[in-house]
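Each remark here refers to the structure printed beneath this line.
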Amino acid sequence: MFLSVSQLDKSYGSGAARVKVLDGVTTSLAAGQICVILGPSGSGKSTFLNAVGGLERIDGGRIIIDGQDISRLDPASLGRYRRDKLGFVFQFYNLIPNLTVKENIEVGQYLSQKPLEMDALLHTLGLWEHRDKFPNQLSGGQQQRCAIGRALIKNPALLLCDELTGALDYQTAKEILALLETINQTYHNTIIIVTHNEPIKQMAHRVLKLHDGRIVTDEVNDHPIAASELQW
């Protein structure tokens with residue numbers, strides 16, 4: 001397995017105010033799969049994603065990514081893990097306003113020793129004709145494509161997406177999901193998508209549902225449907 005987590009525990013606060021956000025979470029994911037994580041607000045979805053991404057220290061358990069136990073790494077080694085293995089995409093694009101599309105993506109390119117080819121990626125993202133535009137000249141969907149490109153140019157083995165369609169309209173959201181599908185098929189990245197939008201699970205190979213920090217459903221989808229066929 002490419003990703004294996006076992007007995008993840010994470011709490012915030014202390015004393016009577018202490019809240020357990022992850023409670024014995026155990027699951028695994030094969031390389032090249034798309035995984036969708038569902039659950040209500042406060043269920044632990046984003047905390048799980050941040051733990052896998054090395055942004056949150058867990059209180060207990062283990063996280064094995066591509067044979068490496070990241071839960072045991074020191075801060076410097078965690079930084080190298082995030083640089084070399086991960087791409088992050090969030091609901092809010094966090095683009096640098098005074099840089100063009102191409103320059104924003106190059107920010108990620110400089111972090112990698114084996115980046116993807118820029119022109120080919122711009123074509124895959126549908127941004128070739130917009131490469132010299134600034135973020136305020138782009139639609140929301142185009143800005144999200146640029147944010148995906150910035151994460152993807154590093155050629156990460158693992159792409160983490162936190163509510164990446166949350167700020168988009170229906171049609172644009174479907175286009176972004178179709179783009180992720182193309183990215184998965186083209187570059188064979190393992191992709192984890194955290195979302196409130198349950199129909200998105202139909203495009204995934206693996207579906208997890210969290211509630212109160214615990215996995216209540218862990219299913220394999222043997223027949224994912226194309227993102228273009230999703231409806232909600």
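The values are calculated or read from the model by the stated rules, or taken from the named source; none is laboratory data. Nothing here was measured: the structure is a model prediction, and the numbers come from that model. Virtual Cβ from ideal backbone geometry, glycine too; neighbours counted across all protein chains shown.
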Filtering the range 200-232 down to residues that are in a helix (DSSP H, G or I) and at pLDDT 95 or above yields I200, K201, Q202, M203
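Are there any strands (runs of 3 or more DSSP E) wholly within the range 1-108 with 1 or more residues that are touching a Cys at 6+ places or on another chain (Cβ under 9 Å) and of a type outside the set (F, W, Y), and if so which?
Working: elements: 3-12, 19-29, 34-38, 60-65, 86-90.
In the range 1-108, 3-12, 19-29, 86-90 are the strands (runs of 3 or more DSSP E) which contain 1 or more residues that are touching a Cys at 6+ places or on another chain (Cβ under 9 Å) and of a type outside the set (F, W, Y).
Among the residues of the range 38-54, which ones are within 19 Å of T190 (Cβ to Cβ) and either touching a residue at least 12 places away in the same chain (Cβ under 8 Å) or among the hydroxyl-bearing types (S, T, Y) (or both)? Walk me through how you get there before you give the answer.
Let us first name the residues in the range 38-54 that are within 19 Å of T190 (Cβ to Cβ), namely 38, 45-46, 48-54.
Answer for the range 38-54, where residues must be within 19 Å of T190 (Cβ to Cβ) and either touching a residue at least 12 places away in the same chain (Cβ under 8 Å) or among the hydroxyl-bearing types (S, T, Y) (or both): L38, K45, S46, F48, L49, A51, V52, G53, G54.
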Spot the failing condition for Y12; the list is (1) modelled with pLDDT of 95 or more; (2) loosely packed, with under 15 Cβ neighbours inside 10 Å, and only one is missed.
(1)
Restricting attention to the range 149-169, the residues that are surrounded by fewer than 19 Cβ atoms within 10 Å (Cβ to Cβ) and not in a loop (DSSP other than H, G, I, E, B) number exactly 0
Would you tally the residues in the range 91-112 being buried (at least 19 other Cβ atoms within 10 Å of the Cβ) and not polar (S, T, N, Q)?
6
Could you figure out which of (1) touching a helix residue (DSSP H, G or I) at 6+ places or on another chain (Cβ under 6 Å); (2) in contact (Cβ under 8 Å) with a residue 60 or more places away in the chain; (3) among the charged types (D, E, K, R) isn't true of R62?
(2)
Residue selected from the range 69-89 under the condition within 16 Å of V5 (Cα to Cα) and loosely packed, with under 14 Cβ neighbours inside 10 Å, by the criterion modelled with the highest pLDDT:
D69
With (1) farther than 14 Å from V5 by Cβ; (2) at pLDDT 95 or above; (3) touching a helix residue (DSSP H, G or I) at 6+ places or on another chain (Cβ under 8 Å) as the list, and N98 as the residue in question, which single condition is left unmet?
(3)
Scan the range 125-140 for residues that are surrounded by fewer than 20 Cβ atoms within 10 Å (Cβ to Cβ) and under 23 Å from I192 (Cα atoms) and jot them down.
G126, G140
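Just to be sure before I move on: is E181 within 12 Å of V36 (Cα to Cα) and among the acidic types (D, E) in the structure I sent?
Values: within 12 Å of V36 (Cα to Cα): no; among the acidic types (D, E): yes.
Judged against the criteria, E181 is not a match.
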Please go through the range 125-148 and pick out each residue that is farther than 21 Å from D162 by Cα, in a helix (DSSP H, G or I) and touching a residue at least 12 places away in the same chain (Cβ under 8 Å).
H130, N136
Output the residues belonging to the range 218-228 that are out of contact with any helix residue (DSSP H, G or I) (no Cβ under 8 Å at 6 or more places or on another chain) and either surrounded by 10 or more Cβ atoms within 10 Å (Cβ to Cβ) or among the basic types (K, R) (or both).
D218, E219, V220
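Among the candidates I215, I192, which residue alone is crowded, with 19+ Cβ neighbours inside 10 Å and within 29 Å of P115 (Cα to Cα)?
Values: I215 fails: within 29 Å of P115 (Cα to Cα).
Every option except I192 fails the conditions.
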Can you find a residue in the range 170-186 that is in a loop (DSSP other than H, G, I, E, B) and either surrounded by fewer than 20 Cβ atoms within 10 Å (Cβ to Cβ) or at pLDDT 90 or above (or both)?
no
